[in-house]
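Quick notes on the structure that follows.
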Amino acid sequence: MDTARHGLKRELKLRDLVPMQVVLIVWLGWSGFAAKQGSSQVVLWLLAIVLFYLPLAAVVIKLSRAIPVEGGVYQWVKSGISPFAGYLAGWNLTIYAVTAFAVIGSMLANGFAYAAGSMGPWMSASKPFALVLTTVACLIAYVFNLRGLQLAKWWSSAGALLTIATFLMMLWLLIRAWVRAMPSAHASLSVAWPGFSILTLSVFTKMAIGALAGFDNSGVFAEECRKPENDVGRSVLIAAPLIALMYILGTSAVLAYISPAKVDLAATVPQLMQAGFGVTGLGRALTLLVSAAFNISYTASMVIIVGMIARLPMVAGWDHLLPGWWSALHPKFQTPSKAIGVVTLTMLILGVLSLWGAGNQEATQVSVGAGGGSLCIMYMLLFASTRRLAAGFRLAASAAFLVTLVSLVFQIVPVGEVANSKLFAIKVAGTICATNGLGAYFYWRGARRAKGFAAASGV
């Protein structure tokens, strides 16, 4: 597609894409999840990096240079497999993103609660407070994306800087532990191999798909980049080693001060600040700053994700698979304003529904499992689309495909306790099948629309 023909503005440079990669991929809370694995965390991170993270980076670099067009994974899979597969890839990415960020109100409320200390428990338990935060976050995402990427990109830059600043504090604590020869410092970077078990395999796939996925996201904005054929791939090359170090060393910092059994998965980084700097004075101030940084960076992620997801139906509208209004641009800001509005409103509605049903923990787990399953399906389609690439890329993509397939299985089969594991599996698998069936129906209707348009145009 010719960007100028559609009126999109080329707002993104390499210096914008690198922080976007950081804010879309890094959540330092994963350091607590990995720290629960104790001395095997380094090996688990390295395995996830070799078998998923680096193959994903290589595939994104290759495809972003070969097919530098708006829509990213939608266009890559469409070219590598078929238009139907491309549509389903975009559809599953949308399902995952919308469900993942619908709970932003609860996530932000937890951050505020931890920062408030003894005065904060009511925040994490208050549905009205979470609803207000959800509404505010959705409004921010809508307004900034409506105005365009020249404004929205500042959110990603701010979020990335705060994430890096938080990591530097964690790194300082790790270095201090080494200098002081703390007993746990050496063990925090152990290269002990994990014992093989179903639980370990589940943890490994969650570290790979949950923590290390996302390089493909910036490719959706390809034709809004100044030099998409170069800058998307370069942003991956620059960000990849930094992100890997942040996760490995961040997890080591946690283990240097907190035993695996005592890691607080809901607030690992603030817990580390208190363990390293104390609960009063500097420690209290840093806990507050880290909690604020998390809320800002998480909101920044949502801002970019809303803009990204809105581009997918816009591109499908160009292909006449969706009504043309999805592709309509705002007359002043030249952004897909209607698509942005629908995506934001959908997140708000799902956020309200999640708060209304917050007492049903299993329903929440089903929603999370179905969203994770959608992400896995998208990546399986992406890695399957590389069959025309060189043998080295196909081999790397095959390894990542297998990791993603195993992760999909673990989305359906619960590792933790649920009332009925078989019923849980049926619910998650049924939800995944239902959402993909709905996507297939929309594609079928769209294909008929596109065929009619082609006939009317004499194409």
Final fewest-first order of E229, E70 on the 10 Å Cβ neighbour count is E229, E70
Once both axes come from the Cα atoms, what is the angle between helix 54-66 and the longest principal axis of the chain, in degrees from 0 to 90, rounded to 10? 30
Among G80, V69, S188, whose Cα sits farthest toward the positive end of the charge dipole of segment 6-357 (+1 at Cβ of Lys/Arg, -1 at Cβ of Asp/Glu, about the Cα centre)? S188
Hz values of 3J(HN,Hα) by residue in segment 82-87 - Karplus curve (6.51, -1.76, 1.60), Gly and Pro given as x: 6, x, 5, 5, x, 4
For H330, list long-range residues whose amide hydrogen, built 1.01 Å from N in the peptide plane, is under 5 Å from its own amide hydrogen. T335, S337
With all distinct Cα pairs included, what does the Kirkwood hydrodynamic radius of segment 223-364 come out to in Å, to one decimal, could you say? 19.2
Treating only the Cβ of Lys, Arg, Asp and Glu as charged (+1, +1, -1, -1), what charge dipole size does the chain show about its Cα centre? Round to the nearest 20 debye. 640
Karplus couplings for segment 103-110 from phi (6.51 cos²θ - 1.76 cosθ + 1.60, θ = phi - 60°), rounded to Hz, Gly and Pro as x? 8, 4, x, 5, 5, 5, 4, 4
What residues have an amide H closer than 5 Å to that of D264, excluding those fewer than 5 places away on the same chain, when H is modeled at 1.01 Å from N in the peptide plane? none
Over all Cα pairs of segment 72-127, the Kirkwood radius sets Rh, and Rg/Rh then becomes 1.39
Of A115, A141, G281, which is farthest along the charge dipole of segment 6-357 in the positive direction, counting Lys and Arg as +1 and Asp and Glu as -1 at C-beta? G281
What helix-only [θ] at 222 nm does the chain give? Using -39500 (n - 2.57) per DSSP H run of at least 4, over all residues, to the nearest 500, the answer is -24000 deg cm²/dmol
Which entries in K153/K332; K153/K338; K153/K451; K9/K78; K9/K206 show an alpha-carbon gap greater than 28 Å? K153/K451; K9/K206
Under-5 Å amide H pairs with L12, H placed in peptide plane, nonlocal only: C225, R226
Cα long-axis angle, helix 391-412 against the chain (0 to 90 degrees, to the nearest 10): 70
Given the convex hull over the Cα atoms of the chain, what projected area results after averaging over all orientations, in nm²? 21.7
Considering every pair of different Cα atoms, what Kirkwood radius, in Å, is found for segment 1-137? 18.8
Helix 228-257 sits at what angle to the longest principal axis of the chain, using alpha carbons and giving 0 to 90 degrees rounded to 10? 20
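FYI, it's all coordinate maths here, none of it is from the lab. These numbers come from a predicted model, not from an experiment. Glycine gets a Cβ as well: all are built from the backbone with ideal geometry, and neighbour counts include every protein chain shown.
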